[in-house]
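Undergrad: Dropping a structure here in C-alpha cells format, bear with me for questions.
The values are calculated or read from the model by the stated rules, or taken from the named source; none is laboratory data. Predicted, not measured: the structure shown is a model, and the values here were computed from it. Virtual Cβ from ideal backbone geometry, glycine too; neighbours counted across all protein chains shown. Note: accessible area is taken over every heavy atom of the protein model, side chains too, but ligands, DNA and RNA are not part of it. Shrake-Rupley method; radii C 1.70, N 1.55, O 1.52, S 1.80 Å.
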Amino acid sequence: MSLVNMKELLAKAQQGGYAVGSFSIANMEMILGVIKAAEETKSPIILQIAEVRLNHSPLAIIGPAMLAAAEQAKVPVAVHLDHGTSLACIKQALALGFTSVMFDGSHLPLEENIAMTKAVIEAARPYGAAVEAEIGCVGGSEDGSEDIAMRCTSPEQAKYFYEETGVDALAIAIGNAHGFYKQAPELRFDILEKVRDTVSVPLVLHGGTGIEPEDFIRCHQSGIKKINIATATFAAVENSVRQAYHEGRIGGYYDLHGAEIQGAYENAKKHMEIFYCTGKAE
Ligand code: 13P
C-alpha cells in the first residue's frame, strides 16, 4: 500500500478494466478528503497538482504533504505533477519523491514535444518515476486563465509519438476540455478507440469535470486508465463550505476545516464509483 509508482497503478487498471482517478488538490484538507474516500472505498488513487497552481500552493510545502499522506495511506497512492511545463519544476518534483510527472508539450510542434518529452523521461529515469505526455490539445487551461482551442489527437501521430518516446501514459484530446463545459461535450469515441487499437500505452483523460457518468464508463472501457478531476473538487469544496455556513454549522475554524474535507471526500467518492476502481486496492 502507500506511496507507489503510477506505472504500477495504471498497469493494474489495464488488466482490471477500470480507471484510476487523479485528483487535483490545493491544500491539506483536500488531500485528507480524497485519501479518506480512497481508503473507505478501497480505491487506488493519484494525488496531483499542476505547475500553474504552485503560485498558490508552493511545491516545497504541498509536495511533502502529498507524499506524507501517500506514505501513510492504507491504499496505493501515486503522487503526480500535473501539466509540468518547465524542466526546473519537473526536476524539483522528482527530487522531492513524486512518483510521476507530466510534461505538457501539447502546444509545441510535434518534434519539439517529442524532444522535450524525451528529456523529461531522461530526468525521471534515475528516480524510476513515470512520465505522462500529451498529444493533440485538450481545450481550456488547467487554471481557467486561457481558452486554449481543443485539437483532437491524430491516432497516427499518437502512434509515432509513442514509438519515439516510449512514454508511460499518454493524454489525448477527444473533445474534452478543462473547467466547466459550456455545453455537454460530445466525446469522439471513434478517435479514442482508434488510438487504443494502435498504441498500447495507458491513456489519460483530462478535463473530467462535467463529463457524464455513462461517458466516463465508456472511456474507461475503451482504454482510458487515468482520469483527471480538478474543477469539480474545487467546486465541491466551495459548495460544502457555503452550505455549512448557510446551515449555521460553522462555529469556528475547525468546522470550516471539516466542511472542506467533506466536500473533497464526497466528490472523490462519487467519481471513484463511476471509474469502477472501488475495491481494487485490496
Ligand atoms: P477539470 O478541471 O476539467 O476537472 O480538468 C482536470 C484536469 O484535466 C487537470 O489536468
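Undergrad: If you go through region 234-255, how many residues are free of Cβ contacts under 8 Å to residues at least 24 places away in the same chain, open to solvent by 30 Å² or more (accessible area, probe 1.4 Å) and closer than 27 Å to His178 by Cβ?
TA: 2
Undergrad: Give me the pairs, please: first residue somewhere in region 163-183 and over 14 Å from Ser141 (Cα atoms) and touching a residue at least 40 places away in the same chain (Cβ under 8 Å), second residue anywhere and more than 14 Å from the ligand (Cβ to nearest atom) and open to solvent by 10 Å² or more (accessible area, probe 1.4 Å), beta-carbon distance under 7 Å, and either six or more positions apart or on two chains.
TA: Pairs found: Thr165/Lys118; Thr165/Ile121; Val167/Ile121; Asp168/Lys7; Ala169/Pro202.
Undergrad: Another question, then. Output the residues belonging to region 201-219 that are touching a helix residue (DSSP H, G or I) at 6+ places or on another chain (Cβ under 8 Å) and under 15 Å from Leu170 (Cα atoms). If you could, list the steps in order and put the result at the bottom.
TA: Filtering region 201-219 for residues touching a helix residue (DSSP H, G or I) at 6+ places or on another chain (Cβ under 8 Å) gives 201-203, 205, 208-211, 213, 216-219.
Listed by number, the residues that qualify are Val201, Pro202, Leu203, Leu205, Cys219.
Undergrad: Run down Thr165, Thr209 and say which single residue is among the β-branched types (Val, Ile, Thr) and more than 18 Å from Asn228 (Cβ to Cβ). Lay out the reasoning, then the answer.
TA: Values: Thr209 fails: more than 18 Å from Asn228 (Cβ to Cβ).
Only one candidate passes the filter, namely Thr165.
Undergrad: Take Ile191 and decide whether it is surrounded by 19 or more Cβ atoms within 10 Å (Cβ to Cβ), among the β-branched types (Val, Ile, Thr) and more than 13 Å from the ligand (Cβ to nearest atom).
TA: Values: surrounded by 19 or more Cβ atoms within 10 Å (Cβ to Cβ): yes; among the β-branched types (Val, Ile, Thr): yes; more than 13 Å from the ligand (Cβ to nearest atom): yes.
So Ile191 fits the description; yes.
Here's the yes/no breakdown for (1) within 18 Å of the chain's Cα centre (by Cα); (2) under 24 Å from Gly166 (Cβ atoms):
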{"site": "Lys42", "(1), (2)": "no, no"}
{"site": "Ala60", "(1), (2)": "no, no"}
{"site": "His83", "(1), (2)": "yes, yes"}
{"site": "Asn113", "(1), (2)": "no, yes"}
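Undergrad: Can you find even one residue in region 263-274 that is of a type in the set (Phe, Trp, Tyr), within 13 Å of the ligand (Cβ to nearest atom) and touching a residue at least 12 places away in the same chain (Cβ under 8 Å)? Explain how you work it out, then say what you get.
TA: Step one: list which residues in region 263-274 are of a type in the set (Phe, Trp, Tyr), which gives 265.
When the remaining residues are screened for being within 13 Å of the ligand (Cβ to nearest atom), the result is none.
No - not one qualifying residue is present in region 263-274.
Undergrad: So, restricting to helices (runs of 4 or more DSSP H) that lie completely within region 1-80, which ones have at least 1 residues that are touching a strand residue (DSSP E or B) at 6+ places or on another chain (Cβ under 6 Å) and within 20 Å of Gly223 (Cβ to Cβ)?
TA: On the way: elements: 6-16, 28-41, 59-72.
Output list reads 6-16.
Undergrad: Let me ask something else. Within region 20-40, can you find the residues that are among the charged types (D, E, K, R) and crowded, with 24+ Cβ neighbours inside 10 Å? Working first, answer last.
TA: Here is the first cut: in region 20-40, the ones among the charged types (D, E, K, R) are 29, 36, 39-40.
Scanning region 20-40 gives no hits.
Undergrad: While we're on this one: In region 197-248, what residues are closer than 21 Å to Arg151 by Cβ and among the small types (Gly, Ala, Ser)?
TA: Of everything in region 197-248, those that are closer than 21 Å to Arg151 by Cβ and among the small types (Gly, Ala, Ser) turn out to be Gly207, Gly208, Gly210, Ser222, Gly223, Ala230.
Undergrad: While we're here: Restricting to region 46-102, give me the number of residues that are open to solvent by less than 10 Å² (accessible area, probe 1.4 Å), in contact (Cβ under 8 Å) with a residue 60 or more places away in the chain and within 15 Å of the ligand (Cβ to nearest atom).
TA: Here the count works out to 9.
Undergrad: Still on this structure: Given (1) touching a helix residue (DSSP H, G or I) at 6+ places or on another chain (Cβ under 7 Å); (2) without any contact (Cβ under 8 Å) to a residue 60 or more places away in the chain; (3) within 16 Å of the ligand (Cβ to nearest atom), where does Glu142 come up short, assuming only one miss?
TA: It fails just one condition, (2).
Undergrad: In the set Val120, Val138, which member is buried (at least 22 other Cβ atoms within 10 Å of the Cβ), modelled with pLDDT of 95 or more and of a type in the set (Val, Ile, Thr)? Let's see the steps before the verdict.
TA: Values: Val138 fails: modelled with pLDDT of 95 or more.
Exactly one of Val120, Val138 is buried (at least 22 other Cβ atoms within 10 Å of the Cβ), modelled with pLDDT of 95 or more and of a type in the set (Val, Ile, Thr), namely Val120.
Undergrad: Tell me which of these Ala230 doesn't satisfy, since it passes every other one: (1) touching a residue at least 40 places away in the same chain (Cβ under 8 Å); (2) away from the ligand (no atom under 16 Å from the Cβ).
TA: For Ala230, the failing item is (2).
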